[in-house]
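Enquirer: The structure's right below; bear with me while I get my questions together.
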Amino acid sequence: MPSKKDTIKLLEEIADMLELRGENKFKIQAYRSGASSLQKIDGDFDLIVQRKELSKIKGIGASLQKVIYEFYNTNESSLHKELRDETPGGLEQLLKIKGLNPNKIKQLYSELKIKNLEELENAAKNNLLINVRGFGENLQEKILSSIKDYKKYKHFILLSNALRLSKELLNKISNFTSVKKIEKSGELRRGSEIISQLDFIVLSSNKNLFFDELKQNFNYKKLKDKVLIEEYSDVPIFIFISENEPEYYKQLFLTTGSDDFINSLDIKKIKGASEEEIFSNLNTPYIIPEMREKEYFEQKGKSLSKNSLLSFNDFKGLLHFHTTYSDGKNTLNEMVNAAEELGFKYASVNDHSKSAYYANGLDENRILQQIREVRGIESKMELFAGIEVDILTNGDLDYQNEFLSNFDFVIASVHSRFNLEEKEMTRRIIRAVENPFVDVLAHPSGRLLLLRDPYKFDIKKVIDACIANNAAIEINSSPKRLDLEWRRIYYAREKDCLFSINPDAHTISEISFLVYGIMMGRKGGLQPEEVINCFNLNKFKKFLNRKVKRSFK
């Protein structure tokens, strides 16, 4: 079933295609407003749709309700398909290029007859865009850069989207009468941050019946040793079919990979009635799927290659979430109540500081108001008044140290000027980490998966600076960030760095992002004692007091 996020995307795409066609502006706005209204609801979306209660949501009229119910029940939208079929050439594809909106795409189609990505790229390379009103050289360069990124990333999806698709498929196929077992495999089982294909292993009681049941639910193509599910996802979906358990576990082991991991083993010995038995036959200790990467073999100490035991249950503290004070969608009280219900023992709000004007950042007066509210909330948890400060270009923070003494927990982030030279960016971040009030360096590389590459900086020097200044480094769990990159976790662990795994939640539902950060931590072999928000309350307070004395009023 489509998620709320899928439905919002659908409405936004319908609005874009209506605008490309020059439809009535009020009709276009109705779909944009509908998408915005869905974004703001924090109730159970599935339940709202199942109970036919969309009419209770302001901005969701009868026409939109019809579209949403159809999409939810069939995973398709006849209106979306009709608009897509009637949109000339590849104009819809151009909406994925940064710097273009429906009006600009219409303008390019009208003036230069550009109707697909190839024609757009050729026009930009031949300097044809600079003469179009409202474009110019800078936008032309931005479009060329965006086309390059689009080509690089278009064959991948985010881990979060892959997990959602996987859940749908597992739910459907596990109900087949011919299926005894089904499990995800490949990149998804290893918890890769971006996914190029989805792999599943099926143990079937009857292959012919399995194909019959598969045909009733999916379009598919038989390949040599697997099945390809067609027209279901932006990435290929493969199903490997076994008819006995030893074959099932062998396929699960081999398809989980990685290639580097499998190639390091004696293939002839890969057999057994379970994965544990396979590892035993290989005379190798069991290795969790997330750690089956080449980086595992590069570790010097046994403690670094020890299986990660990290799980959601280890987390005592919810750190780094946002509220309606800055760019969050839920109030402070709502976020605190949600954290309490999830069993956290302490929490810190970290809204944006004043330089983050784009995110409604808080000036000194507004943040003092929030601190007073934090101090006044009655909760079973211990609440900490925190802030996410911006690291300015020269490495200063955007509050003075005297003012920073008001906070219990300070995380520092780069949110601007990503194009600095490597040495300058490295100096900038290190200077911020050296500030005695900084507890955590957040999303250290600035990357946005499938959208923006990391900025240039020396990550090892930055990690070294975090260690030298007793600052933890964040594994930001937002599925579009997953930053610190997991491959760097091993180096940081080798140097005894501490970590903070945080959801960077802007809504109640995004608190669950924590699971993605945990997956990254597991890939790097992280243990609970290395993560500050797995500390009990007293140990966490000791961490906060390690450089400056906090009163926790």
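Enquirer: Identify, from the list SER174, SER205, SER146, the residue that is at pLDDT below 95 and at negative phi.
Expert: That would be SER146, the only listed residue that is at pLDDT below 95 and at negative phi.
Enquirer: Would you mind stating whether ASN73 is loosely packed, with under 12 Cβ neighbours inside 10 Å, out of contact with any Asp or Glu (no Cβ under 9 Å at 6 or more places or on another chain) and not assigned by TED's automatic domain parsing to the domain that holds ILE229?
Expert: No; evaluated as a whole, the condition is false for this residue.
Enquirer: List the residue pairs whose Cβ atoms are under 6 Å apart, where the first residue sits in the range 252-272 and is outside the structural domain of ILE288 (by TED's automatic domain parsing) and among the aromatic types (Phe, Trp, Tyr), the second is surrounded by 15 or more Cβ atoms within 10 Å (Cβ to Cβ) and outside any helix (DSSP H, G or I), and the two are 6 or more positions apart or on different chains.
Expert: Note: no pairs meet the criteria.
Enquirer: If only one of LYS423, LYS456 is assigned to a helix (DSSP H, G or I) and over 19 Å from VAL389 (Cβ atoms), which one is it?
Expert: Answer to the check: LYS423.
Enquirer: Quick check on the range 493-508. Is at least one of its residues farther than 25 Å from ASN536 by Cα, modelled with pLDDT of 95 or more and not β-branched (Val, Ile, Thr)?
Expert: There is no residue in the range 493-508 that is farther than 25 Å from ASN536 by Cα, modelled with pLDDT of 95 or more and not β-branched (Val, Ile, Thr).
Enquirer: It is to be established whether one or more residues within the range 281-294 are of a type in the set (Phe, Trp, Tyr) and surrounded by 15 or more Cβ atoms within 10 Å (Cβ to Cβ).
Expert: no
Enquirer: Please go through (1) among the hydrophobic types (A, V, I, L, M, F, W, C); (2) more than 22 Å from the chain's Cα centre (by Cα); (3) in the same structural domain as PHE384 (by TED's automatic domain parsing); (4) buried (at least 17 other Cβ atoms within 10 Å of the Cβ) for LEU304 and return the number of the only condition it doesn't satisfy.
Expert: Answer for LEU304: the failing condition is (3).
Enquirer: I need the full set of residues from the range 279-319 which are assigned to a loop (DSSP other than H, G, I, E, B) and among the acidic types (Asp, Glu), in order please.
Expert: Answer for the range 279-319, where residues must be assigned to a loop (DSSP other than H, G, I, E, B) and among the acidic types (Asp, Glu): GLU293, GLU298.
Enquirer: Do you know which residues across the range 28-79 are aliphatic (A, V, I, L, M), assigned to a loop (DSSP other than H, G, I, E, B) and under 19 Å from ILE508 (Cβ atoms)?
Expert: Within the range 28-79, ILE41, ILE57 meet the criteria.
Enquirer: Also: How many residues, within the range 267-281, are among the aliphatic types (A, V, I, L, M) and under 25 Å from LEU526 (Cα atoms)?
Expert: 1
Enquirer: Select, from ASN127, ASN116, the only residue that is more than 30 Å from SER512 (Cα to Cα) and modelled with pLDDT under 90.
Expert: The conditions single out ASN116.
Enquirer: Looking at (1) surrounded by 15 or more Cβ atoms within 10 Å (Cβ to Cβ); (2) farther than 18 Å from ARG21 by Cα, which one does HIS155 not meet, given that it meets all the others?
Expert: (1)
Enquirer: Condition first: aliphatic (A, V, I, L, M), touching a strand residue (DSSP E or B) at 6+ places or on another chain (Cβ under 9 Å) and assigned to a helix (DSSP H, G or I). Now tell me which residues in the range 111-163 satisfy that.
Expert: LEU159, ALA162, LEU163
The values are calculated or read from the model by the stated rules, or taken from the named source; none is laboratory data. Just so we're clear, the structure is a prediction, and the values are computed from it rather than from any experiment. Heads up, the Cβs are rebuilt from the backbone with ideal geometry, glycines too, and the neighbour counts pull from every protein chain shown.
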